[in-house]
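See below for the structure under consideration.
The values are calculated or read from the model by the stated rules, or taken from the named source; none is laboratory data. Computed from a predicted model, the values in this text were never measured in an experiment. With ideal geometry, Cβ positions are generated from the backbone for all residues, glycine too; neighbour counts draw on all protein chains shown.
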């Protein structure tokens, strides 16, 4: 995934952007970067690897290195950024969020013109943000270039551009899958992925950009360069998983949604008589916890934490790049509370079940510590498709997804014709999917949130929300 923060002001904003970017650390684990501009120093840039050390550590002391009344920064799970570009549009810094599925085609087309080139990375790869800038530079203005790039790209593109005169240009992707939010204080303006990031810095919320909207921020004003488009497909996983609990998107708070989502899960389980004889309800930490609290509130089953994550040294289980090491770290972080596990029937709620690898290790850990039963609930429907719009649940093959892989094991490619049935727990195929995954992972029972239940919990019209991961509909 990734997140960004930018500001332009009558005062120095380096510290604002430092804290603003740091508040996006939950969105990425590979690289962090900042770029600033002022009259004396011109453009300045700093990029660090943050795989094994947090953003705030790597960028400590940044105010001694950078000065500027305008600055942008990012947390990135992709290529090093922001990058600084000199082009027909002037000198500018740029950072992007999203994914480019047709990068090879766009690169080939660009290089077909004599004299065009890119800076090569390890293995000859091209920095995706440099590719975006190459598309933008083919037009005569930033707004024209951004719209052109968004139309040419198969995928998703939101971005920030820092110009040499100290303005910040912000663009939300053309169907609004990713939030872009504007704030204001007495000295200037800011732009952020997460709303709470600027609220903690004493900026006031102004508004969210609409799908495809492009604006230019200066200390004095915000100018709309391209109006919003009508179609919206905001990503559902913002609420169920990767959005931070304090944030709001399209007016809907993450923590409130997750609690409501758990309540809907429990309500449906109660109707089916499925939440009886459970000693404790718990969440797979951290994002599963509010879903579990909602489940507990609705079911009146006590909430407890049978294991605690040890996070002072390993706050993120997926920080190491090696999958085996990530699994080992995840296991080492789980510290049991034996009195809440031994001889207990436990029901856990997880934000989602993607591959199931770490979840199986969690279940094995609970049984090895004396659990009587481990029941599992997923706060979203079975994931049938790897996301092609963002980096969440992105796979080289849909068979990496436990739901899709299990369907293929049950009836081969024929199962692909019945995905809707498999996602519906009331059908024979749906029951078979639940039974088979339960046997694989050692669950006493398994339940998924329905798509209708998820939409109810979010509180937005279904045609405004992206549900591709579950039903393949764009």
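Each row is one residue, and each column tells you yes or no for (1) in the same structural domain as residue 78 (by TED's automatic domain parsing); (2) under 19 Å from residue 6 (Cα atoms); (3) surrounded by fewer than 23 Cβ atoms within 10 Å (Cβ to Cβ); (4) without any contact (Cβ under 8 Å) to a residue 12 or more places away in the chain.
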position	(1), (2), (3), (4)
92	yes, yes, no, no
110	yes, no, yes, no
113	yes, no, yes, yes
131	yes, no, yes, no
188	yes, yes, no, no
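One residue is enough: does the range 361-369 have a residue meeting the conditions surrounded by fewer than 17 Cβ atoms within 10 Å (Cβ to Cβ), at pLDDT below 90 and assigned to a helix (DSSP H, G or I)?
yes
For the range 198-242, what are the residues that are closer than 15 Å to residue 158 by Cβ and touching a helix residue (DSSP H, G or I) at 6+ places or on another chain (Cβ under 9 Å)?
Hits for the range 198-242 are 208, 212, 214, 225, 226, 232, 233, 234, 235, 238, 242.
Can you confirm whether residue 451 is closer than 19 Å to residue 292 by Cβ and crowded, with 16+ Cβ neighbours inside 10 Å?
Judged against the criteria, residue 451 is not a match.
When the residues of the range 31-50 are narrowed to those that are in contact with a helix residue (DSSP H, G or I) (Cβ under 7 Å, 6 or more places away or on another chain) and more than 16 Å from residue 94 (Cβ to Cβ), which ends up modelled with the lowest pLDDT?
50
Say we look at the range 287-315 and pick out the residues that are farther than 30 Å from residue 270 by Cα and either in contact with a helix residue (DSSP H, G or I) (Cβ under 8 Å, 6 or more places away or on another chain) or not assigned by TED's automatic domain parsing to the domain that holds residue 256 (or both); which of these is modelled with the highest pLDDT? Break it down into steps so the answer makes sense when it comes.
From the range 287-315, those farther than 30 Å from residue 270 by Cα are 310-315; that's our starting set.
Applying the additional criterion that residues be either in contact with a helix residue (DSSP H, G or I) (Cβ under 8 Å, 6 or more places away or on another chain) or not assigned by TED's automatic domain parsing to the domain that holds residue 256 (or both) yields 310-311, 314.
Working: 310: 76, 311: 67, 314: 56.
Applying the filter and picking the extreme gives 310.
With a cut-off of at least 1 residues that are farther than 23 Å from residue 138 by Cβ and in contact with a helix residue (DSSP H, G or I) (Cβ under 6 Å, 6 or more places away or on another chain), name the strands (runs of 3 or more DSSP E) lying wholly within the range 51-115.
Fully inside the range 51-115 and qualifying: 70-76.
Collect the residues in the range 155-186 that are crowded, with 24+ Cβ neighbours inside 10 Å and on the phi > 0 side of the Ramachandran plot, keeping them in residue-number order.
176
Among (1) more than 24 Å from residue 175 (Cβ to Cβ); (2) touching a helix residue (DSSP H, G or I) at 6+ places or on another chain (Cβ under 9 Å); (3) at pLDDT 95 or above, where does residue 417 come up short?
Result: residue 417 passes all but (2).
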